[in-house]
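K.L.:
Supplied in structure tokens, the structure appears directly below.
The values are calculated or read from the model by the stated rules, or taken from the named source; none is laboratory data. Computed from a predicted structure; not experimentally measured. Heads up, the Cβs are rebuilt from the backbone with ideal geometry, glycines too, and the neighbour counts pull from every protein chain shown. Only protein heavy atoms, including side chains, enter the accessible area calculation; ligands, DNA and RNA are left aside. Shrake-Rupley method; radii C 1.70, N 1.55, O 1.52, S 1.80 Å.
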Amino acid sequence: MANFTIDAVKAATYDAIVIGSGISGGWAAKELCEKGLRTLVLERGRDVKHVKDYPTANLNPWDFEHRGQVPLATRAEYGKARSFMREETLHWAIKESEQPYIEDKPFTWTRGYHVGGKSLLWARQTQRWSDFDFEGPARDGFAVDWPIRYNDMAPWYSYVEKFAGISGNKDGLPHLPDGEFLPAIEMNCVETHFQNVIAKNYTDRHLIQGRCAHITSPQPIHTAQGRAKCQHRALCVRGCPFGGYFSSNASTLPWAEKTGRMTLRPHSVVHSIIYDEKKGRATGVRVVDANTKQMLEFYARIIFVNGSALNSNLILMNSTSSRFPNGLGNDSGLLGKYIAWHNYRGRMSAEFDGFPDKATDGKNPTHSYFPRFRNLHKQEMDFLRGYAVGFGAGRGMYATQEGIGAGLKEQLLNRKWGNWGVSAWMMGETIPKETSFLALDKEQKDPYGIPTLRISADWDDNDERMIRDYLEQFTEMFTKAGFTNIKATDSKAAPGSDIHEMGGVRMGKDPKTSLLNEWNQLHHCKNVFVTDGACMTSTSTQNPSLTYMALTARAADYAVKELKKKNL
Ligand SMILES: Cc1cc2nc3c(=O)[nH]c(=O)nc-3n(C[C@H](O)[C@H](O)[C@H](O)COP(=O)(O)OP(=O)(O)OC[C@H]3O[C@@H](n4cnc5c(N)ncnc54)[C@H](O)[C@@H]3O)c2cc1C
Ligand code: SF4
């Protein structure tokens, strides 16, 4: 019996455990396996195999029974979790009853609970951060100083960009550093028109093509992953059979698998991390098997927590011991606090009657991008920080449906191009605050017996002022561009609608005011690394996932070196 127990522990012991298989977990798996570690990747959701498990990828519009709509009865089964409610994407939707959370204040939490996580759902916009971001909190006096600067990150950005495949132009902007780009996807004529108007009227503002994780010119490192050139089908959200965009499923996970050192265990909901008081370190994780509801344990020397920002907070808060009664590594009492997100409330739409002879049906998997221009070099506005903006233009065909008989038929068969439609959406930085926090509700348990996450987060005056400025400035710029029927709207959407939630386990220099050091290591439990959005000290305006990838690769490199030195 004793032998059996030792054998069982041995069988459940790995060099490393990675919690979550999304964007950051996929990178952790790849890096740790490549560096020789036998790595267990634990994923709460079902498996999704690249190509095979993209059931709608090659369907035509007429193949969908309900023309894309999801019937009401089916919608009802999903409760308030209404993301991906189209026939083409229903395979990614999750049912609220199975994965509840509590909104102390309105908060939209979009999740991807399957192998690959949100890497199969994302819009693939990838910009580097700069020192305008990493120095932001210290300069503007909020949150705490980041323990790293752009120079710490630059080589790691290059490293992940080359592997993932990022298309874009070298724009030479100090606040949006250039990267290792594949050729950019072309802007359309209205985007170029707006770009010219901005260049003519402003010295401090720029419209550039969006940098995105699409392979526009496959390099040997991409073909080695089995990925091919993006075909501009713009059906990415169904899952791309070409591997044209970066996802864990197309890229990092198969790469890790090829090493022969990865064990991927789907249906494995991590409950908590096991802390051994005598050894003074984490020794493994407790897992609820989603199918059998059995509690299992797995062990390893190092643990990477990559469950996505809010879930990683949940896991650490639920990892209590007599040494850490308030959550793993939480001596500062700040675990779960200072969460932040991006402000996408400001929306612009308009029409343009120029270029009547040019057309596009919008088959372009990206859009153009307006980097931040407010408060860059000095504080000049009545709000802190600034906003970037996404901009796109497209044109549809319409048929007049008047009359009957041959006249009607004639009109239906001879559709005409409508005006161009343009839209812009703000992506504002929000300020992390102690009053925006997460907590566990120990009375209300989820279907796996894990306390339910409570989310308490709200907008503040800074956000309101920023929205006002965005709407004013873009009304002015749209007018200068000759756009008509301009509509400037505050969507009033709840925090979280941007799907860029961050913080709660922030990095910092001082263990009294942060949870993680400059290597994403818990200050007080050094063999646990948190490298997803939970680690973010502030939010910048840039999309965050490229930074999670770079932080993960950097932390994995450090972890393996420390392991080899026997420091972990
Ligand atoms: C529609 C949409 C558009 C987006 N567009 C962009 C964009 O353009 N650019 C950008 O940078 N970002 C974008 N994002 C955000 C981006 O997807 C996330 O930032 C990114 O996926 C986060 O990576 P992650 O590894 O932290 O989490 P995820 O990719 O969400 O992966 C986390 C994984 O952990 C698993 N997990 C969670 N809890 C547990 C547990 N207890 N046990 C085991 N496994 C667990 C989950 O099931 C999931 O597979 C977008 C997101 C969406 C939904
Ligand atoms: S646009 Fe490119 S990445 Fe998206 S589905 Fe088409 S081929 Fe794939």
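K.L.:
Of all residues being away from ligand 2 (no atom under 16 Å from the Cβ) and among the small types (Gly, Ala, Ser) in the stretch 231-285, which is farthest from ILE23 (Cα to Cα)? Just the residue, please.
P.N.:
It comes out as GLY280.
K.L.:
Here is a further query. Quick one: how many residues across the stretch 325-353 are at pLDDT 95 or above, out of contact with any helix residue (DSSP H, G or I) (no Cβ under 6 Å at 6 or more places or on another chain) and of a type in the set (D, E, K, R)?
P.N.:
Total meeting the criteria: 4.
K.L.:
Now for a different question. If you scan the stretch 179-198, which residues turn out to be touching a Lys or Arg at 6+ places or on another chain (Cβ under 9 Å) and either in contact (Cβ under 8 Å) with a residue 24 or more places away in the chain or small (Gly, Ala, Ser) (or both)?
P.N.:
GLY179, PHE181, ALA184, ASN188, CYS189, VAL190, VAL197, ILE198
K.L.:
Same structure, new question: Quick one: would you say ASP510 is out of contact with any Ser or Thr (no Cβ under 8 Å at 6 or more places or on another chain), of a type outside the set (Ser, Thr, Tyr) and open to solvent by less than 30 Å² (accessible area, probe 1.4 Å)?
P.N.:
No: the conditions fail for ASP510.
K.L.:
Now for a separate question. Would you mention how many residues in the stretch 84-108 are among the small types (Gly, Ala, Ser) and open to solvent by less than 70 Å² (accessible area, probe 1.4 Å)?
P.N.:
Kept after step one, since they are among the small types (Gly, Ala, Ser), are these residues of the stretch 84-108: 93, 97.
Right, trim to open to solvent by less than 70 Å² (accessible area, probe 1.4 Å) and you get 93.
So the count comes out to 1.
K.L.:
Same structure again: Identify the residue in the stretch 503-530 that is assigned to a loop (DSSP other than H, G, I, E, B) and in contact with a helix residue (DSSP H, G or I) (Cβ under 6 Å, 6 or more places away or on another chain) and, among all such residues, is farthest from ASP152 (Cα to Cα).
P.N.:
VAL505
K.L.:
Give the stretch 555-568 a look and list any residue that's in contact with a helix residue (DSSP H, G or I) (Cβ under 7 Å, 6 or more places away or on another chain) and surrounded by 24 or more Cβ atoms within 10 Å (Cβ to Cβ), or say none.
P.N.:
The one that is in contact with a helix residue (DSSP H, G or I) (Cβ under 7 Å, 6 or more places away or on another chain) and surrounded by 24 or more Cβ atoms within 10 Å (Cβ to Cβ): ALA556.
K.L.:
Can you name the helices (runs of 4 or more DSSP H) wholly within the stretch 109-189 that have at least 1 residues being in contact with a Cys (Cβ under 6 Å, 6 or more places away or on another chain), open to solvent by 30 Å² or more (accessible area, probe 1.4 Å) and at pLDDT below 95?
P.N.:
none
K.L.:
Determine which member of the set THR484, THR541 is at pLDDT 95 or above and under 23 Å from GLY141 (Cα atoms). Outline the logic, then answer.
P.N.:
Values: THR484 fails: under 23 Å from GLY141 (Cα atoms).
That would be THR541, the only listed residue that is at pLDDT 95 or above and under 23 Å from GLY141 (Cα atoms).
K.L.:
Can I ask one more? Within the stretch 298-321, identify whether any single residue is within 16 Å of ligand 1 (Cβ to nearest atom) and without any contact (Cβ under 8 Å) to a residue 12 or more places away in the chain, and answer yes or no.
P.N.:
Looking through the stretch 298-321, none of the residues is within 16 Å of ligand 1 (Cβ to nearest atom) and without any contact (Cβ under 8 Å) to a residue 12 or more places away in the chain.
K.L.:
Working only within the stretch 211-235, note down all residues that are surrounded by 23 or more Cβ atoms within 10 Å (Cβ to Cβ) and of a type in the set (Lys, Arg).
P.N.:
ARG211, ARG227
K.L.:
Where in the stretch 342-402 are the strands (runs of 3 or more DSSP E), entirely inside, with at least 1 residues that are among the polar types (S, T, N, Q) and either buried (at least 21 other Cβ atoms within 10 Å of the Cβ) or free of Cβ contacts under 8 Å to residues at least 60 places away in the same chain (or both)?
P.N.:
Answer list for the stretch 342-402: 368-370.
K.L.:
Would you confirm whether or not the stretch 221-238 contains a residue that is touching a residue at least 12 places away in the same chain (Cβ under 8 Å), in contact with a Leu (Cβ under 7 Å, 6 or more places away or on another chain) and either within 15 Å of ligand 1 (Cβ to nearest atom) or not hydroxyl-bearing (Ser, Thr, Tyr) (or both)?
P.N.:
First, the residues of the stretch 221-238 that are touching a residue at least 12 places away in the same chain (Cβ under 8 Å): 221-222, 225-238.
Going one step further and asking which of them are in contact with a Leu (Cβ under 7 Å, 6 or more places away or on another chain), we end up with 237.
Imposing the further condition that a residue be either within 15 Å of ligand 1 (Cβ to nearest atom) or not hydroxyl-bearing (Ser, Thr, Tyr) (or both) reduces the set to 237.
Yes; the residues of the stretch 221-238 include at least one that is touching a residue at least 12 places away in the same chain (Cβ under 8 Å), in contact with a Leu (Cβ under 7 Å, 6 or more places away or on another chain) and either within 15 Å of ligand 1 (Cβ to nearest atom) or not hydroxyl-bearing (Ser, Thr, Tyr) (or both).
K.L.:
Residues of the stretch 8-31 being over 17 Å from LEU296 (Cα atoms) and not small (Gly, Ala, Ser), which ones?
P.N.:
Across the stretch 8-31, the qualifying residues are ASP15, ILE23, TRP27, LYS30, GLU31.
K.L.:
Quickly run through the stretch 74-127 and pick out the residues that are more than 16 Å from ARG44 (Cβ to Cβ) and within 11 Å of ligand 1 (Cβ to nearest atom).
P.N.:
The answer is SER83, PHE84, THR89, THR108, TRP122, ALA123, ARG124, GLN125, THR126, GLN127.
K.L.:
Among (1) crowded, with 24+ Cβ neighbours inside 10 Å; (2) more than 15 Å from ligand 1 (Cβ to nearest atom), which single condition is ASP276 missing?
P.N.:
(1)
K.L.:
Restrict the check to the stretch 330-338 and report whether at least one residue is buried (at least 24 other Cβ atoms within 10 Å of the Cβ) and in contact with a Pro (Cβ under 9 Å, 6 or more places away or on another chain).
P.N.:
yes
K.L.:
Is it true that THR366 is among the β-branched types (Val, Ile, Thr) and either touching an Asp or Glu at 6+ places or on another chain (Cβ under 8 Å) or under 18 Å from THR475 (Cβ atoms) (or both)? Explain how you work it out, then say what you get.
P.N.:
On the way: among the β-branched types (Val, Ile, Thr): yes; either touching an Asp or Glu at 6+ places or on another chain (Cβ under 8 Å) or under 18 Å from THR475 (Cβ atoms) (or both): no.
Spelling it out, it is not the case that THR366 is among the β-branched types (Val, Ile, Thr) and either touching an Asp or Glu at 6+ places or on another chain (Cβ under 8 Å) or under 18 Å from THR475 (Cβ atoms) (or both).
K.L.:
Further question: Kindly check whether there is at least one residue in the stretch 302-315 that is more than 16 Å from ligand 2 (Cβ to nearest atom) and farther than 24 Å from GLY116 by Cβ.
P.N.:
No, the stretch 302-315 has no match at all.
K.L.:
Can you tell me how many residues in the stretch 53-83 are of a type in the set (D, E, K, R), part of a loop (DSSP other than H, G, I, E, B) and loosely packed, with under 12 Cβ neighbours inside 10 Å?
P.N.:
Matching residues across the stretch 53-83 total 3.
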